[in-house]
Structures are given as C-alpha cells and as structure tokens.
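What follows is a set of notes on a single structure, which appears directly below.
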Amino acid sequence: MPLPGMCLLAFFAFHRPVCTGSLHAPATFTHWTHLHAPDKDTPLTNLTRDALGWKPFYMSQLEIEELETLMPARIATVHRARVVAFSEIGTLELTLDPGKSAGEIAVGDWVLAAPVEHRLVRVLDRQTTLTRGTEYHSGEKQLIAANIDTLFITTSCNADFNVARLERYLALAHDALITPVILLTKADQTDDPDSYVTKARALGRDLEVVAINAKSPEVITHLAPWCGKGQTVALAGSSGVGKTTIANALTGGNAATQTIREDDARGRHTTTGRSLHHLPTGGWLIDTPGMRGLGVAEVGFGIDATFPEISELADQCRFRDCEHDSEPGCAIQAAIKSGAIDPERLKRFQKLTRENRQASETIAQARDRSRKLGKTIKGALAKKRR
Ligand SMILES: Nc1nc2c(ncn2[C@@H]2O[C@H](COP(=O)(O)OP(=O)(O)O)[C@@H](O)[C@H]2O)c(=O)[nH]1
Ligand SMILES: [Mg+2]
Ligand SMILES: [Zn+2]
C-alpha cells in the first residue's frame, strides 16, 4: 500500500480508546484533537504503542503520575517550534516550551505529551542515538535520529565499494548501539557479487551482509528480518548507491522521495528534512539525509567494536598507550607477524583512531571555551546588577 505524504498522516489520524498495556488514559485524552481528518480512502488502522516501537526500556522511565496523565508519542517530524508525533490515539501536533530547542529532539524520539495543552513535556532517554560530527570547532554534534534499531549501510557492487568508508559507518553504528547491516546494491550489475559479500563479511564478526538488486521486488523479502512490527531502520551511504530506490521498495510507494513539506498539512517549513515512515511490513523507516559524508568524533567505543580483533588484543600490549607501530612488546604487531591480523585493518584502525582523537580534542576544547565564556558573561551580568 503506498503511503505518500498526506496519506501517511491521514493513516494515523484515527481515534480510538486507549486500552492496551498498563496505560489507562484518563478522560482528558478525549480532548485531543488531531491534525487531519481520516481520509475515506485510507483504511483506519489501530496502531498500538508496540506497533510504534515502544519497548520496556521506555516504559521503565515513566513515573506513576506520568503514566496516568501523559501520553507517550513517537516523533515523526521536527519543526522549528513544534513537532508532529504518532501515538495510540492518532497523529498529534505538539508545541515546545520556551527554552526547549527543536535541535534537542530527533525523529524517532519517544516523548511524553500533555493532553489539552498539546505540549511536549519531556523526551525519554534514547535506546540509540545517531549523531554526526560536523561543527567540531563549535563543540557540537548534530543529532540525526533516535531509537533506530538497524542501520542499513549501503554501498554498491562497483567502485563505490570502499572498506575504509564501510568501517567508518560501522564505527558510527556501533557507537550509537545500532545494529549495522551491510547492503550491497547493484548485485545485478556484476558477474561476481560473492566477492563483494566476502570482502564485506571480513569487516566484522557476525556481520550481516545482503547483496541485492535494489530495483527488484526481492528487496522486501531480503530486508524483512529487520523491518517487522515496531522495528525501526534507516539507510546510510553515498549518493547514487540506491537508498531512495530501497526506501521506495520498503514503503511500498514513493514515500521516501516525498518532500517533507508535503507531510506538513499547514505548509510550514521544516527544519530537519527527516521523517518517520510506516512500512507495510510493520516497521518504520527514518529518512536520514545528511548521512553521507561522515566525520568521526567521540566514537572510540564504536571504533573498538568495529575492530574487535585489534581492540581486544591491545590489552596484551606492554604499554597501555601502545600505538601498535614499533613499540616493544606490541601484541598487535606480533599478531600481524603470525598472520592473525590483517595489516591493512590495523592501518585503517590507526587512521580512524587518530581522526577520532583529533576531532574529540577539538570538541572538548570548544566546550571548554564556551563554558569559560558562559562564566565570563555571567560574571559581567552579576557586576552590572551590583
Ligand atoms: N541495476 C540496478 N540499478 C540500481 C540499483 N540500485 C540503484 N540503482 C539505480 O541507481 C541510481 C541511483 O539510485 P538512488 O536510489 O537514487 O540512489 P541514492 O542516491 O542512494 O538515493 C538509480 O538510477 C537507480 O535506479 C540496483 O541494485 N541495480
Ligand atoms: Mg536518494
Ligand atoms: Zn601494541
């Protein structure tokens, strides 16, 4: 079933009593109004919180009082001063309190909303957080999306295939605690897709690798294990590798190519260009424009997880700060000599580690500067008041 733009929201604009789980909606919930009236052509479907991706992890964060008075909802789009969220009682438009910035809220977030006022009360802790290091000098990392279960790291069976770039994406996914799956598109355009699969599999233990023709109907079947009820996925990869083609196949229409403005009934400008799309298989796809060129910063954990054969053995090096070059007693160099570790993997690990360290230091310095600046401003204001 195609779910383009307007229809997507209309799809959620149903109204039904809240009766699942342990959340019992108080009478005030009947006062919720919805953005859109149900479209007569769109089947009304009851989406439970489970179907929206709710998990015990989020439930465990709720106070009893919040359980009784607030409505959990999942962020579908983020605008400058408001958000659109999906909930058990339909699509909600929520305002942000003064002082709360749209930049702190990501598509995929679970939030608690106040009835009647249509206010976003608080953002629940995220199970996974996908960020992007861009403006290191400002000390900021940009929030891309929240609560993604699986990141489809997409490349093609051609010159786009680059192990260093794949490892970079793997490090970001691992650091965000998101399960990575490598998608090799254009398998129909090479005589030897298996050689690409073998090279990709070598980039991790138990790493899932899928070779597909993104233009064939098999896409849905191949990706079904990660796109079931309540599961959230996103696509990352260079331009031209087939992300839009896959998104269209998964959504069963052309939802992913819709501009987000069409999702916005009032035609107001959005700030992020990201959105949450329901899949016919029961899962959710988050558009992640801006997941192409990727810098690494503060992802030491993710890098270690991407190169487990190196990070695990590093404990056995004589020096704790061993760079694994020519230091005496280096367990990694010994493993390279015995053939247990691929020297090319070590080179890429070192390069990524260096880049991560430099960017992390830049971020730390920028944060330090802005903290000092904050103190200076506070001091000046205090002096003025005296
Ligand atoms: N033959 C073939 N063409 C593909 C495949 N995946 C993508 N394409 C084509 O590659 C081009 C770029 O695809 P697109 O989905 O726009 O890539 P995106 O930039 O990652 O969103 C389009 O012309 C697609 O039809 C594939 O698996 N096989
Ligand atoms: Mg595209
Ligand atoms: Zn070493």
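Quick note: the coordinates plus some simple rules give every number you see, no bench work behind them. In this text the structure is predicted, and so the values were computed from the model without any measurement. Please note: Cβ atoms are built from the backbone with ideal geometry, for glycine as well, and neighbour counts cover all protein chains shown.
Past 24 Å, Cα to Cα: identify those pairs from Lys243/Lys347; Lys351/Lys372; Lys141/Lys229; Lys55/Lys186; Lys199/Lys351; Lys199/Lys347, in the order given. Don't skip to the end; give the middle numbers.
Details: Lys243/Lys347 29 Å; Lys351/Lys372 32 Å; Lys141/Lys229 31 Å; Lys55/Lys186 35 Å; Lys199/Lys351 20 Å; Lys199/Lys347 17 Å.
Distance filter (> 24 Å) returns Lys243/Lys347; Lys351/Lys372; Lys141/Lys229; Lys55/Lys186.
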request  = Under 1.5 on a/c is rounded, so check that first for region 300-385, then, if it is not, pick prolate when a/b is larger than b/c and oblate when it is not; a ≥ b ≥ c are the square roots of the alpha carbon gyration tensor eigenvalues.
outcome  = prolate
remark   = Relative contact order in percent for region 133-225 (Cα pairs under 8 Å, 6+ apart) equals 25 percent
remark   = With x for Gly and Pro, the residue-by-residue ³J(HN,Hα) of region 221-236, computed from phi through the Karplus equation 6.51 cos²θ - 1.76 cosθ + 1.60 at θ = phi - 60° and given in whole Hz, is 5, 5, 9, 3, x, 10, 10, x, 3, x, 8, 10, 10, 9, 10, 10
request  = List, in order, the whole-Hz ³J(HN,Hα) value for each residue of region 155-167 obtained from phi through the Karplus relation with A = 6.51, B = -1.76, C = 1.60 and θ = phi - 60°; use x for Gly and Pro.
outcome  = 8, 10, 7, 7, 5, 5, 5, 9, 5, 5, 5, 4, 5
request  = Note the per residue figure in Å³ for the convex hull of the C-alpha positions in region 79-225.
outcome  = 155 Å³
query = Hey, what did region 300-385 get for relative contact order, percent, Cα under 8 Å, at least 6 apart?
reply = 22 percent
task = Just grab the label-to-label distance for Lys378 and Ser326, each label 7 Å out from Cα along the Cβ direction, in nm (one decimal).
result = 4.9 nm
Per DSSP, loop trypsin sites (Lys or Arg not before Pro) in region 198-230 with at most 10 further Cβ within 10 Å = Arg205
inquiry  = Compute the distance from the alpha-carbon center of region 63-101 to that of region 350-386, in whole Å.
reply    = 32 Å
task = Report the extension gain between Glu65 and Glu361 in nm, rounded to one decimal, defined as 0.36 nm multiplied by the number of residues separating them, less their alpha carbon distance.
result = 102.3 nm
query = Amide H of Ala211: which non-local residues (sequence gap of 5 or more, or other chain) have their own amide H closer than 5 Å, using H built in the peptide plane?
reply = Leu184
